[in-house]
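Please read the structure below before turning to the comments.
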């Protein structure tokens with residue numbers, strides 16, 4: 001599913017053109033964010049298709065993005081990750097080989113690499129310094145997509161390395177916030193924190209009310225017929241079922257922690273973490289030339 005968003009904005013300043021690609025298998029949205037005055041663009045949160053039962057990868061989701069980029073004659077400047085995803089594999093290196101662009105993620109990827117390097121017993125050959133990525137972003141860093149100006153908000157809580165990319169009048173929040181009728185991200189992964197997530201969300205909600213928010217996933221909340229992934233700061237402040245209408249930090253933390261106890265692990269968490277902490281690369285081949293993914297027992 002592909003959707004363009006070109007609605008009028010009340011904000012002054014640059015308004016990127018955003019195209020969303022929805023992957024129903026993982027409920028993930030990949031975004032192509034284009035400078036309206038040029039062919040420059042960024043790709044946010046790509047998907048490499050993976051069948052867990054067979055251990056086979058496929059590239060049809062990423063190929064749809066590549067086809068769009070080439071059909072529009074776009075120049076990919078950045079391939080951005082909002083965090084190390086636990087529910088899908090990143091296609092960043094596959095995209096980079098075909099359409100270029102620098103791969104960027106939050107600087108706290110080193111914390112995630114250290115944590116999961118131990119869980120998966122990766123050994124000393126696995127570098128935990130973020131060197132697998134082209135750019136490590138910190139709070140307040142800026143970047144350019146043609147004439148578009150982007151800036152980085154560090155918004156941890158779901159994971160230590162979560163970022164929000166504010167590009168013109170649009171904010172790409174990853175898993176921090178969902179659509180107002182669905183709420184917020186879980187905080188029970190290693191390094192997660194409900195208290196920290198609440199503070200991060202408040203940071204996002206200080207952006208101008210008309211700021212367009214693009215979420216990383218949508219699960220079609222009960223009572224809603226269609227998938228959706230664009231909202232606004234004003235809508236989140238007024239209607240988000242977890243943090244809207246002035247809910248306090250204490251109320252949120254109590255709700256979030258209780259809810260997280262009822263959630264199972266994401267279906268693709270084991271392969272996703274091993275691949276995504278490597279910037280989308282598979283673990284190195286073993287002596288027989290094949291690549292293997294580990295399943296840690298009683299560790300997650």
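Is it true that some residue in segment 271-280 is surrounded by fewer than 19 Cβ atoms within 10 Å (Cβ to Cβ) and at pLDDT 95 or above?
Step one: list which residues in segment 271-280 are surrounded by fewer than 19 Cβ atoms within 10 Å (Cβ to Cβ), which gives none.
Within segment 271-280, none of the residues are surrounded by fewer than 19 Cβ atoms within 10 Å (Cβ to Cβ) and at pLDDT 95 or above.
Provide a single number: the residues in segment 36-57 that are surrounded by fewer than 23 Cβ atoms within 10 Å (Cβ to Cβ) and more than 16 Å from the chain's Cα centre (by Cα).
Result for segment 36-57: 13.
Conditions tested, residue by residue: (1) closer than 18 Å to residue 42 by Cβ; (2) touching a helix residue (DSSP H, G or I) at 6+ places or on another chain (Cβ under 8 Å); (3) surrounded by fewer than 23 Cβ atoms within 10 Å (Cβ to Cβ).
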position: 66; (1), (2), (3): yes, yes, yes
position: 70; (1), (2), (3): yes, yes, yes
position: 79; (1), (2), (3): yes, yes, no
position: 82; (1), (2), (3): yes, no, no
position: 92; (1), (2), (3): yes, no, no
position: 97; (1), (2), (3): yes, no, yes
position: 111; (1), (2), (3): no, no, yes
position: 114; (1), (2), (3): no, no, yes
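With the condition kept exactly as written, say whether any residue in segment 67-81 is within 20 Å of residue 189 (Cβ to Cβ), at pLDDT 95 or above and in contact with a strand residue (DSSP E or B) (Cβ under 9 Å, 6 or more places away or on another chain). Explain how you work it out, then say what you get.
Looking only at segment 67-81, we keep the residues that are within 20 Å of residue 189 (Cβ to Cβ), and these are 81.
So of that shortlist, the ones also at pLDDT 95 or above come out as 81.
Those left that are additionally in contact with a strand residue (DSSP E or B) (Cβ under 9 Å, 6 or more places away or on another chain): 81.
Within segment 67-81, one or more residues are within 20 Å of residue 189 (Cβ to Cβ), at pLDDT 95 or above and in contact with a strand residue (DSSP E or B) (Cβ under 9 Å, 6 or more places away or on another chain).
Identify all residues within segment 12-24 that are over 15 Å from residue 230 (Cβ atoms) and under 16 Å from the mean Cα position of the chain (by Cα); write none if there are none. Give the steps one after another, and end with the answer.
Taking segment 12-24 as the starting set, the residues that turn out to be over 15 Å from residue 230 (Cβ atoms) are 12-14, 23-24.
Matches in segment 12-24: 23, 24.
The values are calculated or read from the model by the stated rules, or taken from the named source; none is laboratory data. None of these values were measured; they are calculated from a predicted model. Don't worry about glycine lacking a Cβ; one is built from the backbone with ideal geometry, like all the others, and counts go over all protein chains shown.
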